[in-house]
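Have a look at the structure below before the remarks.
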Amino acid sequence: IRNNAPNQIVIVDGIDGARDLSPFETHPLSGGNVVYGVRVFPAGASSQWDRRFGALSRSRPVLVTEWGYATRAPELDRYLEGSGASFGAPLLSYLSSHGIGWTATWFDDRRKPPMLDSDRKLTDYGAFVADALTRLSAITR
């Protein structure tokens with residue numbers, strides 16, 4: 001990447017399925033334009049956010065590249081079970097207070113957690129993200 005596009009921003013994911021950036025606190029990558037990417041889902045306890053990515057955000061740019069929840073997750077996807085009140089709002093508040101950016105996961109009805117249901121209407125998660133983006137756009141105007 002650096003040979004072909006030396007000024008390109010590179011997003012580097014952490015360990016443990018991109019859920020943990022803590023190794024970069026003592027071993028950051030050299031070079032500029034590095035952003036550390038992390039994935040956050042309800043199964044990862046909020047008590048671990050500081051250790052997993054919050055501490056790094058004090059010295060390096062961090063971006064939540066995937067996050068989400070489902071209110072009716074199937075058994076195999078228990079890691080997604082949450083709600084806007086129990087997961088979404090606390091996460092976005094934490095990210096805002098730490099200057100951490102985020103992108104939502106999928107604007108889709110098949111990938112999980114889905115933002116759309118099979119009728120292409122917003123799920124609880126999809127509505128939560130739409131509302132959060134609307135609030136953010138009002139702040140930046």
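Using the Cα centre of segment 8-119 as origin and beta-carbon charges of +1 (Lys, Arg) and -1 (Asp, Glu), tell me which of Ser118, Thr26, Ala43 is placed farthest towards the positive end of the dipole. Value: Thr26. Counting heavy atoms of the protein chains alone, Phe24 has an accessible area of about 30 Å² for a 1.4 Å probe. With both residues required to sit in the chain, DSSP beta bridges show an antiparallel share near 15%.
Provide, as a two-decimal number, the C-alpha radius of gyration of segment 29-141 over 2.2 N^0.38 Å, N being how many residues it has. List each step's numbers first, then the result.
Working: Rg = 14.6 Å, N = 113, 2.2 N^0.38 = 13.3 Å.
So segment 29-141 has a normalised radius of gyration of 1.10.
Express the relative contact order of the chain as a whole percentage, based on alpha carbon pairs under 8 Å and six or more residues apart in sequence. Write down the numbers at each step before the final one.
Numbers: 202 pairs, mean separation 25.1, N = 141.
Normalised by residue count, the contact order of the chain is 18 percent.
Considering helices alone, the calculated mean residue ellipticity of the chain at 222 nm is -6500 deg cm²/dmol, with DSSP H runs of length four and up weighted by -39500 (n - 2.57) and normalised per residue.
Taking amide hydrogens as placed 1.01 Å from N in the peptide plane, the amide H of Asp13 sits under 5 Å from those of Gly37, each at least 5 positions away in sequence or on another chain.
With all protein chains in place and a 1.4 Å probe, the accessible surface of segment 1-138 carries 52 percent carbon and sulfur.
Rounded to the nearest 10 square angstrom, Leu63 shows an accessible area of 40 square angstrom against a 1.4 Å probe. Each principal axis of the Cα atoms in segment 2-93 has its own extent, and those three values, largest first, are 46, 26, 22 angstrom.
State in Å² the accessible area per residue of segment 41-141; use a 1.4 Å probe, count heavy atoms of protein chains only, and round to the nearest integer. If you can, show how the numbers build up before the last one.
Details: 5910 Å² over 101 residues.
In whole numbers, segment 41-141 has 58 Å² accessible per residue.
Quick note on segment 77-141: its Rg to Rh ratio, both from C-alpha atoms and Rh being the Kirkwood radius, is 0.98. Evaluated over the Cα positions of segment 17-60, the convex hull gives a direction-averaged projected area, one quarter of its surface, of 3.2 nm².
Sorting Val10, Val129 by accessible area puts them as Val10, Val129; the probe is 1.4 Å, largest comes first, and only protein heavy atoms count.
A cut-off of 5 Å between modelled amide H atoms, ignoring neighbours fewer than 5 places along the same chain, links Val64 with Val38, Gly101, Trp102, Thr103.
The values are calculated or read from the model by the stated rules, or taken from the named source; none is laboratory data. Just so you know, these numbers come straight off a predicted model, no measurement behind them. Virtual Cβ from ideal backbone geometry, glycine too; neighbours counted across all protein chains shown. What goes into the accessible areas is simple: the full protein's heavy atoms, side chains included, and nothing from ligands, DNA or RNA. Shrake-Rupley method; radii C 1.70, N 1.55, O 1.52, S 1.80 Å.
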